[in-house]
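Trainee: The structure that follows is given in the form of structure tokens.
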Amino acid sequence: MVFLLNNRYVNYILNLANEIEKIGEIVAGTNKEKQIVDIIKENLEDYVDELIIEYVPVTSWYEEVCIIENNYNIYPCSIHPPYHGVIDIELHSNKIIEFNLNTLEHKEVVDMEKLVDKIVLIDMPKDPDDIATAAYILSQFKPELIVIRDKEEALRRIVVLNNVIALYRKANQLDIPVIHIKNSLGSIDKLDKSRIYAKSSILKSYGYNIIAKMHKKYNKNIYIMAHHDHWLSGGSDNVIGVSTVMTLAKIFKNLDIDNDIIFAFFTAEEGFPEDITSFYWLVGSRHHINKHIDDILNNTILAINIDVIYKKPLTISTSNIVLRNIINSHFSNPLLDYDNIVF
């Protein structure tokens, strides 16, 4: 069964997304997560037969403030989690070193001792996720602060830990704080004689998985899922995904489908587990799988995860050869990736 969303449903998705974005940053285990749980429940209860809340132990991280101030203006910044504590640093041009990451990639000989106790300013890597690796490497040389200059007028969050290999081993925040600034602020002249003040906290809490079941003819299950937590505004990651899954529940209610549909909205995809490890993400979905492993393995025939679908081209990732053939038979020139990363 293949169908296209008409404009009415596209507008429905966008209206839901607008409602969610008004909440702001949604971190697992915080009061703002309760707000999105209420929105999801309210929009699903007329279309599904069962609605279940799963409580997931998490570590909540949240930023209270991050600003750069000088005599003239106050500028926003963002902390890369899970650093927690107070950052209060005076910036002076003689303490700021602009560092080129290419010197690391090309294995050039660099006097890294010059970074000790300095403010290290670097450009954001081409892949934002590489911030974690770059920060880990630079932290070994004991700067006072690492500042990431965005390539655009944007703030971001990337988790930076003292272990960059995705394992179930304990990991901690870097000893060195890492913050993100917009491109227009990212010069030594503009940062000179400024003050960075930031504060963030962590606490043990519970996140919420929302599992909504739509019973059809048979007991085999199709999962359609999205994570409902997000850093910063979360427009692409994953407000649109959550809004799309809620809209699909509205559509599927009146469709003739043989198998049960499970609409799953997972907590803490961005992090963090109760005991933080270097495999810090997918906390809610892993909790659900561990809790229902036998039923999932025996009765699930298809699982569709919707994440980061805000712009073209749409990419579909699957390692299932049968599913790849089905997709190729219904769509012309689909962008297909092999999803073959195993943890």
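Rule-based calculations on the coordinates, nothing more; no lab input. Predicted, not measured: the structure shown is a model, and the values here were computed from it. We place every Cβ from the backbone using ideal geometry, glycine too, and count neighbours over all the protein chains shown.
Trainee: Toward the positive end of the charge dipole of the chain, about the Cα centre and with charges on Cβ (Lys, Arg +1; Asp, Glu -1), which of ILE39, PHE141, ASN100 goes farthest?
Mentor: With unit charges placed on the Cβ atoms, the residue in question is ILE39.
Trainee: Among 239-247, 13-21, 213-221, what's the highest-first ranking by average C-beta atoms within 10 angstrom per residue?
Mentor: Details: 239-247: 24.7, 13-21: 17.4, 213-221: 14.7.
Final packing ranking: 239-247, 13-21, 213-221.
Trainee: Right, another one. Specify which residue in the list ILE53, THR30, VAL120 is farthest towards the positive end of the charge dipole of segment 26-122, using unit charges on the beta carbon of Lys, Arg (+1) and Asp, Glu (-1), about the Cα centre.
Mentor: Looking along the dipole axis, the top candidate is VAL120.
Trainee: Give me the one-decimal nm value for the distance between modelled label points at SER317 and SER201, 7 Å along each residue's Cα-to-Cβ direction.
Mentor: Calculated label separation equals 3.4 nm.
Trainee: If you don't mind, another one. At 7 Å along Cα-to-Cβ for each site, give me the label-to-label distance between LYS291 and ASP275 in nm.
Mentor: My value for the distance between the label points is 2.0 nm.
Trainee: Next question, about the same structure. Pop a pseudo-label 7 angstrom from the Cα along the beta-carbon direction at both ARG169 and LYS34 and give the gap in nm to one decimal.
Mentor: Those two pseudo-labels are separated by 3.9 nm.
Trainee: Could you calculate the contour length gain from ILE251 to GLU153, that is, 0.36 nm times the residue separation minus the distance between their Cα atoms, to one decimal place in nm?
Mentor: 31.6 nm
Trainee: Given the -39500 (n - 2.57) contribution per DSSP H run of 4+ residues, what per-residue ellipticity at 222 nm results for the chain, rounded to the nearest 500 deg cm²/dmol? Mind dumping the intermediate values first?
Mentor: Values: 9 runs with 85 residues, N = 343.
That calculation yields -7000 deg cm²/dmol at 222 nm.
Trainee: Using DSSP H assignments, which helices in the chain have an axial alpha-carbon span of 15 Å or above and a mean Kyte-Doolittle hydropathy of -0.5 or higher?
Mentor: What comes out of the filter, once short or polar helices are dropped, is 7-21, 240-252.
Trainee: Could you please report the charge total around ILE148, scoring K, R as +1 and D, E as -1 over all other residues with beta-carbon less than 11 angstrom from its beta-carbon?
Mentor: +2
Trainee: Let a ≥ b ≥ c be the square roots of the eigenvalues of the Cα gyration tensor of segment 96-184; is it rounded (a/c under 1.5), or, if not, prolate (a/b larger than b/c) or oblate?
Mentor: Since a/c stays below 1.5, the shape of segment 96-184 is classed as rounded.
Trainee: Listing HIS180, HIS92 from the residue with the fewest other Cβ atoms within 10 Å to the one with the most, what is the order?
Mentor: HIS92, HIS180
Trainee: Now for a different question. Pop out the ³J(HN,Hα) list for segment 53-61 in order, Karplus 6.51 cos²θ - 1.76 cosθ + 1.60 with θ = phi - 60°, rounded to Hz; leave Gly and Pro as x.
Mentor: Values per residue, Gly and Pro as x: 9, 9, 8, 10, x, 9, 9, 8, 10 Hz.
Trainee: Give a quick list of chymotrypsin sites (Phe, Trp or Tyr not before Pro) in segment 73-180 that DSSP marks as loop, anything other than H, G, I, E or B, with at most 15 other Cβ atoms within 10 Å.
Mentor: TYR168
Trainee: Oh, and also: Restricting to DSSP loop positions (anything but H, G, I, E, B) with no more than 15 other Cβ atoms inside 10 Å of their own Cβ, which trypsin sites (Lys or Arg not before Pro) remain in segment 48-130?
Mentor: LYS107, LYS126
Trainee: Can you sort ILE53, ILE26 so the residue with the fewest Cβ neighbours within 10 Å comes first?
Mentor: ILE53, ILE26
Trainee: Using the Cα centre as the reference, give the magnitude of the dipole from point charges on the C-beta atoms of the chain (Lys, Arg: +1; Asp, Glu: -1; all else neutral), rounded to the nearest 20 debye. If you can, show how the numbers build up before the last one.
Mentor: On the way: 34 positive and 47 negative charges, 77 e Å.
Using Cβ point charges on Lys, Arg, Asp and Glu, the chain gives about 360 debye.
Trainee: How many percent of the alpha carbon pairs in the chain exceed a separation of 39 Å?
Mentor: 22 percent
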